[in-house]
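Everything below concerns the one structure shown next.
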Amino acid sequence: MSAFAFYEGLLNGVVTGCVYALIALSLVIIYKSTDTINFAGGEIVMGGGYLGMLALAYFGFNYALVFLFGAVGMFLLGALFDRIVLDRVLGRAVPGKELFVAVVIATVGLSFAIKGVARLFPYTDEVRRLPPAFPGRPLFLGPVLVQRQDIAIVGIAVLAMLALFLFFQFSFIGKALRATSENPRAAALIGIPVRRMRMLVWGIACAMAAVAGILIGGKLPISVDMGSNVVILAFAAAVIGGFTNLPGAVAGGILLGIVQNLVGIAISSEAIGVTPFLVIMLVLILRPRGLFGERVAVRKV
């Protein structure tokens, strides 16, 4: 591998890794706050991409409104799913009985519902790509040419992740969400509305996934069936970084993107598809908790 190819693969890996990190974060914050694994994460990303396409092609929005439109649309979907579906599922809980399978089935059902609704629109029949948000001549970063779209993807992804961290660390609602994540029963005893917090978490996670879907749509083709591949990559990033660690999910996404691109350059493009599975197995063998996973897993009561 030449030095030029290495730098090019490294740069492209950071770009795709930032998108993986956004999607992985959306999975991790749901898991940390609700003990729920969202198997509809890939379809939510796909839905965000198509909402962006709808806003561009039919409403003529500029890209700032496109991101807002997609994020708000998926926020409402996630919040309504929690309020209408998960609230009823969890409300039927019997003391001492696990509801994990029921919640998994609910999220799988959401994934099929999103795919079914997406197929109703004529512009989803073919594989499509969103127009670039920042067209223009590429720029030189050392010896490597960088597309303006790639710079925009990294910038928007970093801003979204930074906004999420600041929200959780310094806002009153963010602190309430963290308290709910650590101990829902204790949070309820001090007056935090746990059910509303859970609904808010689902909305925020789906909004982040929608932003990732719009970013993907400007770089890669999007289709109704893209969700399964996307969610595998997001799970891989979350497992690599540690499924309960938000900074770990970011690091895992960027690391996975870099490894994928370097493998594609050094070996072949066909090897990219198996790279996430190999990386997951390697991480689980060497460090089962993930690279940044917690040393002691304490079950919430």
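When you go through 15, 45, 89, 28 one by one, which is the residue that is surrounded by fewer than 20 Cβ atoms within 10 Å (Cβ to Cβ) and either touching a Phe, Trp or Tyr at 6+ places or on another chain (Cβ under 6 Å) or of a type in the set (Val, Ile, Thr) (or both)?
Checking each option against the conditions leaves just 89.
Under the condition of being crowded, with 24+ Cβ neighbours inside 10 Å and not in a helix (DSSP H, G or I), the residues counted in the range 219-233 number 1. Only one entry of 179, 186, 152, 163 meets the criterion of being in a helix (DSSP H, G or I) and more than 24 Å from the chain's Cα centre (by Cα), and that entry is 186. Are any residues in the range 271-301 modelled with pLDDT of 75 or more, of a type outside the set (Val, Ile, Thr) and more than 19 Å from residue 250 (Cβ to Cβ), and if so, which ones? Answer for the range 271-301, where residues must be modelled with pLDDT of 75 or more, of a type outside the set (Val, Ile, Thr) and more than 19 Å from residue 250 (Cβ to Cβ): 271, 273, 277, 278, 281, 282, 284, 286, 288.
Scan the range 268-292 for residues that are surrounded by 10 or more Cβ atoms within 10 Å (Cβ to Cβ) and under 25 Å from residue 6 (Cβ atoms) and the total you get is 14.
Could you say whether any residue in the range 67-81 is outside any helix (DSSP H, G or I), under 21 Å from the mean Cα position of the chain (by Cα) and β-branched (Val, Ile, Thr)? Within the range 67-81 (the criterion being outside any helix (DSSP H, G or I), under 21 Å from the mean Cα position of the chain (by Cα) and β-branched (Val, Ile, Thr)), the answer is no, since none of the residues qualifies. Taking the stated definitions as given, is residue 50 of a type in the set (Phe, Trp, Tyr), part of a helix (DSSP H, G or I) and under 30 Å from residue 267 (Cβ atoms)? Spelling it out, it is not the case that residue 50 is of a type in the set (Phe, Trp, Tyr), part of a helix (DSSP H, G or I) and under 30 Å from residue 267 (Cβ atoms).
Could you check, for the range 133-147, whether at least one of its residues is within 25 Å of residue 232 (Cβ to Cβ), touching a residue at least 40 places away in the same chain (Cβ under 8 Å) and out of contact with any strand residue (DSSP E or B) (no Cβ under 9 Å at 6 or more places or on another chain)? No, there is no match, as no residue in the range 133-147 is within 25 Å of residue 232 (Cβ to Cβ), touching a residue at least 40 places away in the same chain (Cβ under 8 Å) and out of contact with any strand residue (DSSP E or B) (no Cβ under 9 Å at 6 or more places or on another chain).
Selection of the range 86-106 for residues being under 17 Å from residue 205 (Cα atoms) and either at pLDDT 90 or above or small (Gly, Ala, Ser) (or both) yields only 106.
The values are calculated or read from the model by the stated rules, or taken from the named source; none is laboratory data. These numbers come from a predicted model, not from an experiment. No Cβ is skipped: glycine too gets one built from the backbone with ideal geometry, and neighbour counts run over all protein chains shown.
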